[in-house]
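Any read-out appearing in this document is the output of simple, stated calculations on the displayed coordinates, not a laboratory observation. Keep in mind the model is a prediction, meaning the values are calculated, not measured. Cβ coordinates were reconstructed from backbone atoms using ideal geometry, including for glycine residues, and neighbour counts include every protein chain displayed.
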Amino acid sequence: MEIKILGTGCSKCTKLEENVRAAVSELGIDAKVEKVEDLVQIMRYGVMSTPGLVIDDAVKSVGKVLTVEDIKKLLTGAK
């Protein structure tokens with residue numbers, strides 16, 4: 001599984017990354033977590049409001065910080 005956090009490094013983006021890493025750890029899944037800060041790459045996903053969450057190249061969330069529980073639900077549905 002490949003997970004990308006799209007954002008330029010703001011506090012919301014950092015918090016989403018922390019929550020994603022916690023969810024992955026709690027679920028014990030094998031996932032590559034990557035932070036994408038390049039605006040051109042972010043815009044390629046059609047994300048105009050950060051943070052964005054991409055799971056296996058599908059945009060799952062835009063413009064909000066998901067909780068660990070919300071992320072776990074997305075990850076188990078995406079497995």
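A few notes on this one:
- Computed helical MRE - 222 nm, the chain, DSSP H runs ≥ 4 contributing -39500 (n - 2.57), nearest 500: -13000 deg cm²/dmol
- Helix axis angle, 11-27 relative to the chain longest principal axis, alpha carbon, degrees: 20
- Axis of helix 68-78 versus longest Cα principal axis of the chain: the two differ by about 80°, to the nearest ten degrees.
- Computed from backbone phi, the HN-Hα couplings of the stretch 51-61 come to x, x, 10, 10, 10, 6, 6, 10, 6, 10, 7 Hz, rounded to whole numbers (Karplus: 6.51 cos²θ - 1.76 cosθ + 1.60, θ = phi - 60°; Gly and Pro given as x).
- Ratio Rg/Rh, restricted to the stretch 2-78 and using Cα atoms, in which Rh is the Kirkwood radius: 0.93
- By DSSP, the beta bridges lying fully in the stretch 2-78 are antiparallel in about 60 percent of cases.
- Size of electric dipole in the chain: Cβ of Lys, Arg +1 and of Asp, Glu -1, about Cα centre, debye, nearest 20: 200
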